[in-house]
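Shown next, in structure tokens, is the structure this report addresses.
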Amino acid sequence: MSLTFHWFLPTNGDSRHVVGGGHGTPATESGRDRPPSVGYLSQIARAAEDLGFVGALTPTGAWCEDAWLTTAMVAQHTERLKFLVAFRPGFVSPTLAAQMASTFQRQTGGRLLLNVVTGGESHEQRAYGDFLDKDARYRRTGEFLQIVRELWEGKTVDLHGEHLQVADATLARVPDPIPEVYFGGSSPIAGEIAARHVDVYLTWGEPPAQVAEKIAWIRKLAAEQGRTVRFGIRLHVITRDSSEQAWAEADRLLDGFDPETVASVQAGLARSESTGQQRMLALHDGGNRDALEIHPNLWAGIGLVRGGAGTALVGSHDEVAERIKEYAALGIEEFVLSGYPHLEEAYWFGEGVLPRLQAQGLWQHPFPQAVASASAQVPFAGTGSPR
């Protein structure tokens with residue numbers, strides 16, 4: 001088995017400090033350090049592609065650039081990297097979304113993955129004209145995915161659902177290959193939708209015992225539907241040549257957190273309707289600096305200033321590889337990673353951790369021909385990883 005690794009495109013801006021935002025909170029000032037230009041995001045994407053990441057997640061929300069438009073532009077500067085495009089089903093018709101995905105596949109050579117985000121914050125949804133409550137949004141997501149999947153299969157679709165209606169819907173050209181659907185959610189109704197419709201269930205980086213419970217929960221629900229689901233996890237990473245160097249970097253990031261910003265972000269996130277976000281908040285327990293390592297090498301400090309994924313794997317390359325193996329033993333096959341800044345941290349992980357996993361037979365480069373081609377080129381002075 002070869003594990004799959006994805007990176008992240010920081011369309012809310014990047015920095016040598018943590019860029020906050022998400023789940024109804026705005027991006028922090030540090031996001032202006034490296035604006036999310038197509039040029040900079042393309043640098044990150046090309047680095048991820050060369051290092052062996054399969055895809056790159058692009059977030060969605062009022063706090064960042066639009067995922068569809070951004071990835072369509074960045075795709076023109078890459079060759080093999082896939083794009084895990086996050087989008088919210090309530091903002092576009094299912095037939096148009098199916099058509100957009102089909103076009104994306106043809107124009108990029110099949111490099112689209114879809115991360116379906118139902119939307120956990122009603123106040124943010126209302127800003128986009130969506131006034132359904134949380135459970136209704138999930139039921140709508142189920143109808144949306146039913147329509148989209150049938151369209152992708154070449155069917156003519158008639159559906160008169162609780163929230164969505166289409167008549168004689170069809171696609172002139174179906175996508176090839178059909179994009180895989182990624183999805184996360186910790187509430188009971190989210191589990192039902194995942195079991196019925198998705199290919200990969202994503203969880204945020206909770207401790208292994210909690211992740212194991214989620215996997216067992218979704219597996220049971222999917223089995224009741226006669227389906228199987230793969231599992232992925234969303235984490236930040238701080239990996240260095242030694243454990244001391246990695247934790248020094250975590251401390252540096254923590255020292256850069258402005259107390260007023262932490263208080264403001266935490267107050268905003270405390271109002272979140274997202275079950276997953278509430279589980280993230282519970283991990284750092286008010287921000288006690290000495291209690292942020294919640295499992296060996298699993299650090300909850302990021303969640304003090306950032307909504308959504310709030311934990312990071314911190315340690316030496318060997319330690320981070322061991323934690324990845326620990327999650328893989330539970331059934332996690334895909335890892336969606338990020339780090340600040342995203343360009344440099346991609347190299348730290350790609351050159352430090354991936355070779356260790358490869359040596360143990362847990363990972364292989366998805367583009368071996370590209371690696372062989374690159375190694376055949378004569379390097380010029382000054383090449384190498386940014387540090």
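The values are calculated or read from the model by the stated rules, or taken from the named source; none is laboratory data. Predicted, not measured: the structure shown is a model, and the values here were computed from it. No Cβ is skipped: glycine too gets one built from the backbone with ideal geometry, and neighbour counts run over all protein chains shown. These area figures cover heavy atoms from the full protein model, side chains too; ligands, DNA and RNA do not enter into them. Shrake-Rupley method; radii C 1.70, N 1.55, O 1.52, S 1.80 Å.
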Testing Ile218 on (1) open to solvent by less than 30 Å² (accessible area, probe 1.4 Å); (2) without any contact (Cβ under 8 Å) to a residue 40 or more places away in the chain; (3) closer than 21 Å to Pro26 by Cα, one condition comes back false. Which one is that? (3)
Of all residues in the stretch 245-264, count the ones that are in contact (Cβ under 8 Å) with a residue 40 or more places away in the chain and not in a helix (DSSP H, G or I). 2
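Could you please let me know if Gly232 is within 17 Å of the chain's Cα centre (by Cα), open to solvent by less than 20 Å² (accessible area, probe 1.4 Å) and of a type in the set (Gly, Ala, Ser)? Lay out the reasoning, then the answer.
Values: within 17 Å of the chain's Cα centre (by Cα): yes; open to solvent by less than 20 Å² (accessible area, probe 1.4 Å): yes; of a type in the set (Gly, Ala, Ser): yes.
Taking the combined requirement at face value, the residue satisfies it.
Could you check, for the stretch 246-262, whether at least one of its residues is β-branched (Val, Ile, Thr) and in contact with a strand residue (DSSP E or B) (Cβ under 8 Å, 6 or more places away or on another chain)?
Let us first name the residues in the stretch 246-262 that are β-branched (Val, Ile, Thr), namely 261-262.
Cutting the leftovers down to in contact with a strand residue (DSSP E or B) (Cβ under 8 Å, 6 or more places away or on another chain) gives us none.
No - not one qualifying residue is present in the stretch 246-262.
Could you list, in sequence order, the residues of the stretch 276-290 that are in a helix (DSSP H, G or I) and surrounded by fewer than 16 Cβ atoms within 10 Å (Cβ to Cβ)? Quick ask: steps written out before the conclusion?
Step one: of the stretch 276-290, the residues in a helix (DSSP H, G or I) are 276-287, 289-290.
Within the stretch 276-290, Gln278, Ala282, Asp285, Gly286, Arg289, Asp290 qualify.
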Filter the stretch 58-78 down to the residues that are of a type in the set (A, V, I, L, M) and closer than 16 Å to Ala101 by Cβ, then identify the one that is surrounded by the most Cβ atoms within 10 Å (Cβ to Cβ). Ala67
Identify, please: which residue in the stretch 325-371 is open to solvent by 30 Å² or more (accessible area, probe 1.4 Å) and either touching a Lys or Arg at 6+ places or on another chain (Cβ under 6 Å) or in a strand (DSSP E or B) (or both) and is, among those, farthest from Ser37 (Cα to Cα)? Glu333
Would a scan of the stretch 142-152 turn up a residue that is exposed (fewer than 14 other Cβ atoms within 10 Å of the Cβ) and out of contact with any Asp or Glu (no Cβ under 8 Å at 6 or more places or on another chain)? no
Inside the stretch 100-121, can you point out the residues that are in contact with a helix residue (DSSP H, G or I) (Cβ under 8 Å, 6 or more places away or on another chain), crowded, with 18+ Cβ neighbours inside 10 Å and not aliphatic (A, V, I, L, M)? Ser102, Phe104, Thr108, Arg111, Thr118, Gly119, Gly120
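For the stretch 117-139, what are the residues that are among the charged types (D, E, K, R) and either within 13 Å of Glu273 (Cα to Cα) or within 22 Å of the chain's Cα centre (by Cα) (or both)?
Let us first name the residues in the stretch 117-139 that are among the charged types (D, E, K, R), namely 121, 124, 126, 130, 133-135, 137, 139.
Correct list: Glu121, Glu124, Asp133, Lys134, Asp135, Arg137.
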Restricting to the stretch 209-244, count the residues that are in contact with a strand residue (DSSP E or B) (Cβ under 8 Å, 6 or more places away or on another chain) and not in a strand (DSSP E or B). 8
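Part of a loop (DSSP other than H, G, I, E, B) and within 21 Å of the chain's Cα centre (by Cα): does that describe Ile178? Working first, answer last.
Numbers: part of a loop (DSSP other than H, G, I, E, B): yes; within 21 Å of the chain's Cα centre (by Cα): yes.
Spelling it out, Ile178 is indeed part of a loop (DSSP other than H, G, I, E, B) and within 21 Å of the chain's Cα centre (by Cα).
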